[in-house]
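My questions will all concern the structure given below.
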Amino acid sequence: MEYAKNILETIGNTPLVKLNKLTAELPCLVLAKYETFNPGNSVKDRMALQMVVDAEDAGVLKPGGTIIEGTSGNTGMGLALAAVIKGYKMICVISDKQSKEKVDILKAMGSEVYVCPTDVSPEDPRSYYSTARRLAQEIPNSWYVNQYDNPSNTKAHYISTGPEIWEQTKGKVTHFVVGVGTGGTISGVGSFLKEQNSNVKVWGIDTYGSVFKKYHETGIFDENEIYPYITEGIGEDILPKNVNFDVIDGFTKVTDKDAAIYTQRLAKEEGMFLGNSAGAAVKGLLQLKEHFSKDDVVVVLFHDHGSRYVGKMFNDDWMRNRGFLEDKVTKALDLAKSHEDLPLVTVKTEELVMHAIERMKNNNISQIPVEDVNGFVGSVDEAILFRAIMEDGEITSRPIKEVMQKPFPIVDRNTSIDEVAKLINRDNQAVLVGLDDEKYQIITKYDIISALH
């Protein structure tokens, strides 16, 4: 009988799968190293197990110990698998930009999960880097994995992923393309492939908000490049020791929007239900088109599974709210789509100015239609209220009708975007669109900008 003694023995030996539709414009053969076939549905299973085994051999991870790691989710999953089989406790520290599915999966595997803010520096005590280190200091018999600087990360890919790609392509691989986060995959695979054939080119996929590309090209760590981004699993605001820039021939950056759109397209056009970094990798491949010729064999590695992004890149409302969904926007109804299910916030003529201010604050809006029993009779916006309060501090206790301006124009749901845009100017900050059942929704400059983004 053939069987694995435990789930850890199924890690590795993932297939290569040809890409067809999305890479049709490329002259070369494109093969995907499909890492979701690992038991934790991610490439990170490889390095997670290697780091645990090496820590055991070094005596830093002792029986009954606690594994602690800062993770975007996938390394945590691989470590959780190892912890279950080997009898360790697992604590994952994760940033709040990661999908809810990742947090839920880690908890389902018995891990304790700490969620930390994304928009802080790595040195901030609230960051997931700092929190993981602090917990490792506080908890007895614990081991802080530190995948970013742990050499076993790179080692795992040097001894498994790289050799698999070389064997599966019969040594014909000419390019290796992969998203770069901790750097272990690109450095381990890249080092092995270049040892077999120094002409193999290694390309990293980076994201806007990350420092890798500029640092590789200039040697400058530019903190001005660091800002929050949505794409998960790639890019960094630090320089992990596992990123061997000498192995990497170049980087290309992919926007959050393109990464999200191509993640959806992989599922719909290739039948590949994959994570966010896979979308970034495919768009990056297309951006590198000029580097490929008809005889090339390009291997792109896909990190993880789409099930971890169901509430994000595979949710049309989430995509639409961020301007990522490529809906055809031509008329007024399209502009109101992101909030058409929400009730229109209004204020009555006899309500006090302070009520309008409170409503604007609670709903995070800048304009409010004013109505009476007969319909819309006026409007106010934050600029009008600001001027009124500056001129008369007591105005907040008087009826809104004393400061309201003329009502917002009302348009039909099929009115073109161009006509709607012409109605919005310095003196008129919004337009109302008539929907079904005598309901109305507001359209602002922000809605138009978001729709055309």
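Residue by residue through region 120-170, note down the ones that are over 17 Å from Asn242 (Cα atoms), of a type in the set (Phe, Trp, Tyr) and within 25 Å of the chain's Cα centre (by Cα).
Answer for region 120-170, where residues must be over 17 Å from Asn242 (Cα atoms), of a type in the set (Phe, Trp, Tyr) and within 25 Å of the chain's Cα centre (by Cα): just Tyr128.
A further question on this structure: Here is a check on your reading of the model: is Ile389 farther than 25 Å from Phe324 by Cα and among the β-branched types (Val, Ile, Thr)?
On the way: farther than 25 Å from Phe324 by Cα: yes; among the β-branched types (Val, Ile, Thr): yes.
So Ile389 fits the description; yes.
Which residue out of Ile220, Ile226 is modelled with pLDDT of 95 or more, surrounded by fewer than 18 Cβ atoms within 10 Å (Cβ to Cβ) and of a type in the set (Val, Ile, Thr)?
That would be Ile220, the only listed residue that is modelled with pLDDT of 95 or more, surrounded by fewer than 18 Cβ atoms within 10 Å (Cβ to Cβ) and of a type in the set (Val, Ile, Thr).
Exactly one of these conditions fails for Phe302: (1) crowded, with 24+ Cβ neighbours inside 10 Å; (2) of a type in the set (A, V, I, L, M, F, W, C); (3) under 23 Å from Cys116 (Cα atoms). Give me its number.
Of (1) crowded, with 24+ Cβ neighbours inside 10 Å; (2) of a type in the set (A, V, I, L, M, F, W, C); (3) under 23 Å from Cys116 (Cα atoms), only one is false for Phe302: (3).
Residues being among the hydroxyl-bearing types (Ser, Thr, Tyr), in contact with a helix residue (DSSP H, G or I) (Cβ under 8 Å, 6 or more places away or on another chain) and over 29 Å from Met77 (Cβ atoms): count how many of those fall in region 297-355.
The qualifying residues number 3.
Please enumerate the residues belonging to region 386-401 that are surrounded by fewer than 17 Cβ atoms within 10 Å (Cβ to Cβ) and without any contact (Cβ under 8 Å) to a residue 40 or more places away in the chain.
Correct list: Phe386, Arg387, Ile389, Met390, Glu391, Asp392, Gly393, Glu394.
Residue check: is Gly70 buried (at least 17 other Cβ atoms within 10 Å of the Cβ) and in contact with a Lys or Arg (Cβ under 6 Å, 6 or more places away or on another chain)?
When the stated conditions are applied, Gly70 does not pass them.
With respect to Tyr229, is the statement that it is in contact with a Leu (Cβ under 8 Å, 6 or more places away or on another chain) and hydroxyl-bearing (Ser, Thr, Tyr) true? Even if it seems obvious, please write down each step before you answer.
On the way: in contact with a Leu (Cβ under 8 Å, 6 or more places away or on another chain): no; hydroxyl-bearing (Ser, Thr, Tyr): yes.
In short, no.
The values are calculated or read from the model by the stated rules, or taken from the named source; none is laboratory data. Computed from a predicted structure; not experimentally measured. Heads up, the Cβs are rebuilt from the backbone with ideal geometry, glycines too, and the neighbour counts pull from every protein chain shown.
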